[in-house]
Amino acid sequence: MTITDEGVYSGMPARDLGERGWERPWSGPNGGQCVEAKQLTDGRVAVRQSTDPAGPALIYPPEEIAAFVRGVEQGLAAHLATG
């Protein structure tokens, strides 16, 4: 299924974005439950849960993904990894 970037919205079923192009840049220690990301043609990034690939996809502008990655690199999200 091909979908135009104009028809992409946060919360849409991830399956509507197709199965190609999803990557696992953030994988759990067992390789099981992961966050998968897919760069869309307009530069936005779709994020989904690997254990629910047909579930909702969250759509972020590239600036928000870049800010998140910078924050992680600076240790600003370290508290999320402790529990």
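Before moving on, here are some points about what is shown:
- Against the test of being over 14 Å from the mean Cα position of the chain (by Cα), modelled with pLDDT under 95 and hydroxyl-bearing (Ser, Thr, Tyr), the options 4, 51 yield a single qualifying residue, 4.
- Number of positions in the range 43-52 that are charged (D, E, K, R) and assigned to a strand (DSSP E or B): 1
- Residue count, the range 53-83 (criterion: within 16 Å of residue 21 (Cα to Cα) and part of a loop (DSSP other than H, G, I, E, B)): 2
- Considering only residues in the range 34-73 that are in contact with a strand residue (DSSP E or B) (Cβ under 9 Å, 6 or more places away or on another chain) and among the acidic types (Asp, Glu), the one that is farthest from residue 11 (Cα to Cα) turns out to be 64.
The values are calculated or read from the model by the stated rules, or taken from the named source; none is laboratory data. None of these values were measured; they are calculated from a predicted model. Using ideal geometry, Cβ is built from the backbone for each residue, glycine included, and neighbour counts are taken over all protein chains shown.
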